[in-house]
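Since the structure comes first, as structure tokens, the remarks are kept for the end.
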Amino acid sequence: MNAKGMFVDTSICTGCKACQVACKEWNGLSGEPSHFAKKAGYPYRVANNFSGRSYDNTQNLSATDWRHVRFIEQFNADRSEARWLFASDSCKHCNNAGCLNACPVQAIVRTDLGNVFVKQEVCIGCKYCIPACPYGVISFDQRTGTVHKCTLCNDRIHNGLGTACAKACPTGSIAFGDVPDLKMRADARLVQLKKLGYEKANIYGYDEAGGLNVFYLFLDKPEVYGQPEKPVVPQDRLHISSGVTVAAAIAVAVGAAIAFRERGEKKDKP
Amino acid sequence: MIMGSNMAECHPVAFRWPLKAKTDHGAVLMHVDPRFTRTSAMCDLHVPIRAATDITFLGGLISYVIHSKRWNTDPFFKEYVVNYTNAATLVNPDFKDTEDLNGLFSGLSEDGKAYSPATWTYQRHPAPAPPVTEPKTFTDMLLQRVPGRPKADPSLKDPHCVFQILKRHYQRYTPEMVEKVCGCPKEKFVKVAETLLNNSGRDKTSNIVYAVGWTQHTVGVQIIRCAGLLQELLGNIGRPGGGILALRGHATIQGSTDIATLYHSLPGYLNMPDARKNHDTFKDFILTESVPLMTSYWGNYPKFAVSYFKAQWGGAATKENDYGYDYHPKITGDHSHLPMFVDMMNGRIKGFFVMGQNPAVGGQNARYQRKALAKLDWMVVRDYFETETAAFWRNSPEVKEGEVKPADIKTEVFFLPAAMVSEMEGSFTNTQRLIQQHEKAADPPDDARSDIWFTYQLGKSLKKMYSTSSHDRDWPIKNLFWDYEPDASEVATFRIKDEPSAYKLLKEINGYTWDDKKPLPTFANLKEDGSTVCGAWIYTGVIPEEGVNKARSRKADEWISPGWGFSWPANRHIMYNRASADLQGRPWSEKKKLVYWDPKKEVKTPDGKVTRGSWVAPSGEGIDFLPTKAPSFRGKDNGIAFDWLSGNDPFIMRPDGKAWLFAPAGLVDGPLPTHYEPYESPVANPLYKQQSNPVAKTWKVPGNPYHKVADPDFPIIVSTYRLTEHHLSGVMTRWLPWLAELMPELFCEISPELAAEKGIKNAEYMTIETARGKVQARAMVTRRMRPFTVDGKTVHEIGLPWHWGWQGRAQSDVVNNLSVLVADPNVTIHEGKVFTCNVRAGKRGGAA
């Protein structure tokens, strides 16, 4: 069976945040508790999370925010260059998933449809997965004592439906489907955009982290959208770090030899 | 061209279509707007203009177009303009333009408060001899009053012809003037003009999209008309891909004007009986309203009106009692929102129903409006949550500050829970007049009920209470035709059994024959003899036969989708679509083919004869013309309605069958759009001595102070607007945590230049002040806002979204505490898109 995924075409994202709301509605997620505070005279908590960072007040992914739309304002002083970019971010469901490999109890699993999701009943809340994700996707919730992230709407996709965010997206910026089909669509769109003069347009996610099942079409370098150009998952880092360990050992040995030699030399010069 | 609209943010679902046109078909999207918004971000070109200079920009485009080489050499434009608009029509030689009178038209009264349109009229041939001598019906009476045909000069050379008047009117609206008035670089203006010109013609059409960014001005109607003029000159009306798309404010607000929640309008855009007009008798009403329009399709006005009165009073409405006309309420003045609240403040209004509105937040000069609510005896608020309007008496800013004491407020407030849209059946009529039925998904909780349930049950209770009255004045309630009891099957699966029947309501709106209650398939079936009932003639055909509701139909295709819902009138999606064919009835081009004349097509007449020749539309589009009227047909000089109109008169609702470049009637502030500064402006009008619209509506009453022109205390322009994350005054969004956290608090969009001048820092509090009030907001310092250079002087502009109030999960000051009661003279829409203010760093301190 083909892996299911999403193609996020940021060139037609209008930054409406319908995906964020649809995600919360379908997955039964509350407002982010840290965004609200008690207010005298009101029986309910009132939002207090104004950020001043363009139209982005939720600011990052969290245990209750599985989707997050970024707003990137790029204007020079005389406004002759003026650009406001939007991009809806979420878990990428990496083929080489750091979180999955870091989990000591196999609470994080990949299903037959390729999506990576956290089994809430198995998660022990050790948080090893959190630093293992190069995208900062996975978060701990005090209330449940477990970690949470986008499941690619695991329940929906195993019942023949697409993801809630893709369903709600009014412009088709988030498309759900079989990954090979989505790639064909993305390639065609990239060609079209290049023809229209978007020279920096690129697809992000074909090679990163073993390939992302949720991949993006960006109009500029991934860093502009807050995505690492070369994401490193811990299992890759293992090879690097073992190399570093060997190198360090050699360096220590050489250093020690020199030091001893120096000491020896010093001995000769009282 | 999107102008006066932030479509991506305020109509995010509809915006998928322009975006699809751009990505799939290479359409060019242009956004003309003071701010760089999410819409600008998605367009190919953003053209910044100072708020409320739209007429200068559009007038500049008009002037550019008619002087361009393309427009003067491609015969398409001349053929369209000479034949389908009133460009050739000759105007009264006494007419004086704003160029002659320094910003005024001829006809302004001595006190300067109102225009007489006597000099704006057409020159006409003598009136024809009437075909009837003994009038028996209203139609006969109209036939006795047919005016002579307008005189015209198809060469467009006569100095009194509309085209020459128009050319002179806009001669000073040059690219240089646009730059000077709008503060927009000349090059960008020229780019827009060239793009529109190159994308209009036989093979191409351009579309203009607007919303309340155009309406909410003291020249709101004239801005929209100005766009109409441009589209007429470019041949973009009545053709696929052309036109002007008016984005309405929310779901079925189109329906609410069609079925007439507006004070001056009866359903189907008939006029409300008015004590100020010659409306004393039914005959007076019919003649006053239909004589000026009778040579258009409005010649059928008597049929629409009689059928409407039959819908009100059914069997009690008879020819003998003028169908109950004398019992119908008549208006005595402007009773729209703003004057209604002034009347309320003055104690003239005792009781008030509020459904689907939150004037304590959304009303202009909201503090004034809240104080007016305190003058009522009683108020009923039906809503989902305790809105600011429902709670004004206990925790409004005035109460919190001790200025008003709840004990002194005598208004008795009834707060009733309302059902949400998915908890009732009904129909939406959306922005392009498409009626779509929606299902009831579930019962509302507890005592919550739909507004229609409330209104219906209220009517039933009143009828019961008045049933024993012997007063003649109670006739309208006693005889109100009020039967929308649901069939058992309609409510079978629901707990609430007395919800009125959505089908019966729509059937009455559609119309049916009184005797056998058979639905009418078209408004051509309506009669003036009382044999037909029709709630709103424009909707006829949505229920063409018993049990068939076309609003439920869901057959889509790749283009017009005539099988999807029902587009009034008569499933016509593009109005005036006769104009999609040339003078001979041939499509202007293969690419833009829609409605055209097929001379070979056989047509059966009602008497069974077969004739040849008909207008056809293979797409299934409704034909907005008499199907058998040949392009060469010459209208009867002494006929009315379709008899008078000729085969080359596509604009069948206009009494000359032409699109109006010049409006000889219907507007109270002049026949041609003219640049006036907004009522509150930091600059003097650079174009005329006349500063602002001379007949704008103002209310010089306590609590509604105005700023001076170029007021040194209030030098900054402010616009109010909406965001995607909230809806209007926030009743549907601010109580929902998911949306509250997306836009938690009021912010002020301000340029870095102005912020630096005032010492305002991003995300910190700042205060915005007017003579009406002050509010605090978080600063959003952004280069999406910019200073404008107007006539060499720097003018700053700030922006305030207005969704917040003191209730709900997202709370802030009420932006409308700053705004003011001032309005367009034609339709009394407020000027919320532009007024003046001052700003400073820090929290407001003291009263909001």
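The table for this structure:
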quantity	calculated
Lys/Arg +1, Asp/Glu -1 at C-beta; the protein assembly as shown dipole; positive extreme among B:823, A:152, B:148	A:152
Exposure rule at most 10 other beta-carbon atoms within 10 Å, DSSP loop GluC sites (Glu not before Pro): chain A longest free segment	A:1-80
Selection of trypsin sites (Lys or Arg not before Pro), region B:652-719, meeting DSSP coil and at most 16 other Cβ within 10 Å	B:689, B:700, B:708
Region B:44-121: translational diffusion in µm²/s, Stokes-Einstein, Kirkwood Rh over Cα pairs, 10 °C, 1.306 mPa s	101
DSSP beta bridge pairing in the protein assembly as shown, given as percent antiparallel to the nearest 5	65
Long pairs among B:204/B:550; A:39/B:843; B:460/B:497, criterion Cα-Cα beyond 21 Å	B:204/B:550
Euclidean distance between Cα centres, region B:113-156 to region B:695-746, Å	46
Within straight-line cross-link reach of residue A:127, lysines at Cα separation under 27 Å, skipping those fewer than 8 residues along the same chain	A:4, A:24, A:92, A:119, A:149, A:230
Residue among B:584, B:641, B:670 farthest towards the positive dipole end of chain B, charges placed on Cβ	B:584
Spatially proximal aspartates and glutamates relative to residue B:517 (Cα-Cα < 12 Å; intrachain offsets below 8 disregarded)	B:508, B:545, B:546
Student exercise, the protein assembly as shown dipole from Lys, Arg, Asp, Glu Cβ charges, in Debye to nearest 20	1640
Neighbour-limited loop hits for chymotrypsin sites (Phe, Trp or Tyr not before Pro), region B:525-597 (at most 15 other Cβ within 10 Å; DSSP other than H, G, I, E, B)	B:559
Order of B:434, B:661 - criterion: other Cβ atoms within 10 Å of each residue's Cβ, fewest first	B:434, B:661
Qualifying trypsin sites (Lys or Arg not before Pro) in region B:545-632, DSSP loop, other Cβ atoms within 10 Å at most 12	B:555, B:591, B:609
Mean separation of Cα contacts under 8 Å (6+ apart) over length of region B:114-174, as relative contact order %	28
Region B:697-841 - share of DSSP beta bridges that are antiparallel (%, nearest 5)	65
Average beta-carbon neighbours from other chains, 10 Å sphere, peptide B:41-54	2
Solitary cysteines of chain A, where the nearest other Cys Cβ is not under 4.7 Å	A:13, A:16, A:23, A:94, A:103, A:123, A:126, A:133, A:153, A:169
Distance from region B:492-533 to region B:412-428 (C-alpha centre basis), Å	23
Lone cysteines, chain B (no partner Cβ under 4.7 Å)	B:10, B:43, B:161, B:226, B:534, B:748, B:837
Unsatisfied cross-links (Cα-Cα over 31 Å) in the set B:180/B:758; B:507/B:658; A:17/B:708; B:69/B:636; B:319/B:463	B:507/B:658; A:17/B:708; B:69/B:636
Fraction of alpha-carbon pairs over 28 Å apart in region B:643-788 - percent	48
Within 10 Å of each Cβ in B:758-766, the average number of Cβ atoms from other chains	1
For A:5-18, mean number of other protein chain Cβ atoms within 10 Å	4
Cα-centred dipole magnitude for chain B, charges only on beta-carbon of K, R (+1) and D, E (-1), debye, nearest 20	1300
Kirkwood hydrodynamic radius (C-alpha pairs) into Stokes-Einstein, region B:215-286, 20 °C and 1.002 mPa s, D in µm²/s	143
Stokes-Einstein D for the protein assembly as shown, Kirkwood Rh over Cα pairs, 4 °C, 1.567 mPa s (µm²/s)	40
Charge dipole magnitude, Cβ of K and R +1, D and E -1 - region B:524-647, Cα centre, debye nearest 20	380
Residue list for region B:806-848, given a label point 7 angstrom along the Cα-to-Cβ vector of residue A:37 and an amide N cut-off under 15 Å	B:810-812
Signed unit charges on C-beta, dipole axis of the protein assembly as shown, positive-most listed residue B:703, B:293, B:227	B:227
DSSP bridge pairs, chain B: antiparallel proportion in percent, nearest 5	55
Isotropically averaged projected area of chain A, using the convex hull of Cα atoms (one quarter of hull area), nm²	23.9
Proxy reagent accessibility, fewest Cβ within 10 Å first, across B:496, B:409	B:496, B:409
Rough spin-label spacing in nm, given labels placed 7 Å along Cα→Cβ, for residue B:494 and residue B:378	2.6
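Here, each number is a calculation from the coordinates, and none is a lab measurement. All values derive from a computational prediction rather than experimental measurement. Cβ atoms come from the backbone with ideal geometry, glycine included; neighbour counts cover every protein chain shown.
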